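Here is the structure we will look at.
The values are calculated or read from the model by the stated rules, or taken from the named source; none is laboratory data. What you are looking at is a predicted structure, and each value in this text was computed from that prediction instead of being measured. All Cβ positions, even for glycine, are placed from backbone atoms using ideal geometry, and neighbour counts span all protein chains on display. Heads up: the accessible areas ignore ligands, DNA and RNA and are worked out on the full protein's heavy atoms, side chains in. Shrake-Rupley method; radii C 1.70, N 1.55, O 1.52, S 1.80 Å.
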Amino acid sequence: MPFVRIDALCAASDRPDRLDALGRAVRDAMVETIGIPPDDWFQVLTGHDGTTSTLRYGDYLGISRDEGIVFIAITLRAGRTPEQKQALYRRTAELAEEYAGTEPRNVFITLTENESIDWSLGHGLAQYVAPSEGNAS
Amino acid sequence: MPFVRIDALCAASDRPDRLDALGRAVRDAMVETIGIPPDDWFQVLTGHDGTTSTLRYGDYLGISRDEGIVFIAITLRAGRTPEQKQALYRRTAELAEEYAGTEPRNVFITLTENESIDWSLGHGLAQYVAPSEGNAS
Amino acid sequence: MPFVRIDALCAASDRPDRLDALGRAVRDAMVETIGIPPDDWFQVLTGHDGTTSTLRYGDYLGISRDEGIVFIAITLRAGRTPEQKQALYRRTAELAEEYAGTEPRNVFITLTENESIDWSLGHGLAQYVAPSEGNAS
């Protein structure tokens, strides 16, 4: 269920490997910390060339960021505890460094929550709610 | 008002037609099921080449997905009923198949809700709230 | 903290300058109207060529829009007042015109709110919550 967008600056030659590594880092961190099954993997991975599309970032909160910045935006159902979210952040930063060489200072994550009825994972159905909750026939 | 992002993998030659068909499918489904006017059409349609940018997906919930996967992320005001959302999912999957040849198993939809004050549809105004609700002059 | 996506149609030759101007317009409007520090600047700026990726828009609410359309999607913590949001919309439209030549009718903005725990701005930490609110060690 979590739907994830990962945006990074990268040269054309680096793209497939770097994006793949970042995608695996986020997926594995979710599996380990917030109870997501390994095949619950839905991501848009975008490498920005700095011209056609690009990223902007500042040193907000005294954190020195650079062109290694990675934006990770996760949409997921409400219900994870603060402790789980904090564990997710820590593990994502660790694995982004381990898999992709991204420095932890450059890992930017934001979560947006919605509800069970807000997901259709295929076949035009709302899999997280019982059919009787709606008018599905 | 709904603001929609549609992400699909597609070869360069397929892009304009396929993206157009997917965009129309989502728009028409909204018109038919959740009362959106036909000209209330705001979408970002992105074709991913699998290298510069790409998608990841698994077989979560036992649904076999493939490179025909389409991610549809819709931001809209709160207020649609579960029945309306379920109708939207069903009709979107039907029209994505009819217009774009996308198999229903590959249609992934997620909704994120916000409030009337969270929209400005042009001219720097918040059209969904009365000026007296804010300090607009 | 606000995390911003800006999407515009633009010819390859216009991209870097136009995207840069739009990014500065949104940033400066936030600084002036909703109390964001200048270095709290996190944006994904995407120029769409109309083929690989593209935008769709209608004349909803009687506003005539054209290929100068700009979609600005802002994720931020809950708490801004309606007055602040309206000021943000007005100032963004003004600065988009001043910096990028974008007509106010083409400035489309939507906000999505989340909570303090939903942000990690680097180092795998949730900077907006006290460590004691979670299990951070």
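Take residue C:125 and decide whether it is without any contact (Cβ under 8 Å) to a residue 60 or more places away in the chain, open to solvent by 30 Å² or more (accessible area, probe 1.4 Å) and either at the interface with chain B (Cβ under 7 Å from one of its Cβ atoms) or touching a Phe, Trp or Tyr at 6+ places or on another chain (Cβ under 6 Å) (or both).
Details: without any contact (Cβ under 8 Å) to a residue 60 or more places away in the chain: yes; open to solvent by 30 Å² or more (accessible area, probe 1.4 Å): yes; either at the interface with chain B (Cβ under 7 Å from one of its Cβ atoms) or touching a Phe, Trp or Tyr at 6+ places or on another chain (Cβ under 6 Å) (or both): no.
No.
Residue pairs whose Cβ atoms lie under 7 Å apart, sitting 6 or more positions apart in sequence or on different chains, and linking a residue in the stretch A:1-17 that is without any contact (Cβ under 8 Å) to a residue 12 or more places away in the chain to a partner that is among the aromatic types (Phe, Trp, Tyr), do not occur here.
Of all residues in the stretch A:45-78, those satisfying the criterion of being within 17 Å of the chain's Cα centre (by Cα) and either open to solvent by 10 Å² or more (accessible area, probe 1.4 Å) or more than 7 Å from every other protein chain (Cβ to nearest Cβ) (or both) are A:46, A:48, A:68, A:69, A:70, A:72, A:73, A:74, A:75, A:76, A:77, A:78. Only one entry in B:40, B:28 is in contact (Cβ under 8 Å) with a residue 24 or more places away in the chain, over 27 Å from residue A:38 (Cβ atoms) and within 7 Å of another protein chain (Cβ to nearest Cβ), namely B:40. Only one entry in C:81, C:112 is over 14 Å from the mean Cα position of the chain (by Cα), within 10 Å of chain B (Cβ to nearest Cβ) and β-branched (Val, Ile, Thr), namely C:81.
When the residues of the stretch C:28-44 are filtered to those that are more than 21 Å from residue C:7 (Cα to Cα) and touching a helix residue (DSSP H, G or I) at 6+ places or on another chain (Cβ under 7 Å), which remaining residue is surrounded by the fewest Cβ atoms within 10 Å (Cβ to Cβ)?
Of the residues in the stretch C:28-44, the ones more than 21 Å from residue C:7 (Cα to Cα) are C:32-39.
Okay, now just the ones that are also touching a helix residue (DSSP H, G or I) at 6+ places or on another chain (Cβ under 7 Å), so C:32-34, C:36-39.
Details: C:32: 15, C:33: 19, C:34: 18, C:36: 19, C:37: 13, C:38: 11, C:39: 15.
Result: C:38.
May I ask you to list the residues in the stretch A:86-108 that are open to solvent by less than 60 Å² (accessible area, probe 1.4 Å), of a type outside the set (A, V, I, L, M), facing another protein chain (nearest Cβ under 8 Å) and in contact (Cβ under 8 Å) with a residue 40 or more places away in the chain? Those that are open to solvent by less than 60 Å² (accessible area, probe 1.4 Å), of a type outside the set (A, V, I, L, M), facing another protein chain (nearest Cβ under 8 Å) and in contact (Cβ under 8 Å) with a residue 40 or more places away in the chain: A:92, A:105, A:106, A:108.
Looking at the stretch A:81-95 only, could you name the residues that are among the aliphatic types (A, V, I, L, M) and over 22 Å from residue C:116 (Cβ atoms)?
Once the filter is applied, which keeps residues that are among the aliphatic types (A, V, I, L, M) and over 22 Å from residue C:116 (Cβ atoms), the stretch A:81-95 yields only A:95.
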